[in-house]
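Written below as structure tokens is the structure these notes are about.
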Amino acid sequence: MENLQTEVLEIEFNEFSKGLPAITELDFAKILLRYTYLQSDQYEMYLERLLDRIPEGRGITFTEFKSFCQFLNTLDDFAIAMRMYTLADQPISQEEFHRAVKICTGTELSPHIVDTVFKIFDDDGDGQLSYKEFIAIMRDRLHRGFKHTSRSEGWDAFKQCVKSEMKAVV
Ligand SMILES: [Ca+2]
């Protein structure tokens, strides 16, 4: 399972890295925003805003990318934690995000990738991420390919996601 997952992620990563050890922050954003419900002008806005916020990126390595994708696979658990924060009317800081991801999923994300995610999704520019800014958009993305199938989670959901992504690539 682990190997298949890694292979699929490598395919996605290599599509942008063209053999280099890292992809740009902008490429990373493009991968994340694929299959979201954003309108094309909103999509452009996200990318332009990211370029303003990270004028000279240092890139995202495959290890960073893979950790983040593993985290996305367990987004539902994370969403519950985020919901609790949001109910208390508290969008979360980078440090809290990092800690919550580790607690919920056991995944350790690099500070750089967390910073990049915040720079992509922090819509109101307060330096924090709210449920609406991040989870709502990422959930659209994950669930988009599953509309015509019965509810599934975990590995089954991942396999379906792989299938729909592979189709989309071809
Ligand atoms: Ca914000």
All other residues with a Cβ under 15 Å from the Cβ of Gly57 taken together, and with Lys, Arg as +1 and Asp, Glu as -1, what is their net charge?
-2
State which entries of Lys30/Lys102; Lys66/Lys102; Lys66/Lys132 exceed 18 angstrom in Cα-Cα distance in the structure shown.
Lys30/Lys102; Lys66/Lys132
Is any residue of segment 50-74 close enough, with backbone N under 18 Å, to a label point placed 7 angstrom from the Cα of Glu10 along the Cα-Cβ axis, and if so, which?
61-70
With the calculation restricted to Cα positions, what are the radius of gyration and Dmax of segment 1-58 in angstrom?
13.2, 38
Report, ordered by chain and residue number, the aspartates and glutamates lying within cross-link reach of Lys119, taken as a straight Cα distance under 17 Å and ignoring same-chain residues fewer than 8 apart.
Glu25, Asp27, Glu44, Glu48, Asp52, Glu56, Glu64, Glu95, Glu96, Glu133
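Throughout, read-outs are computed from the coordinates displayed, never taken from laboratory work. These numbers come from a predicted model, not from an experiment. For neighbour counting, all protein chains shown are included, and Cβ atoms are generated from backbone atoms with ideal geometry for every residue, glycine included.
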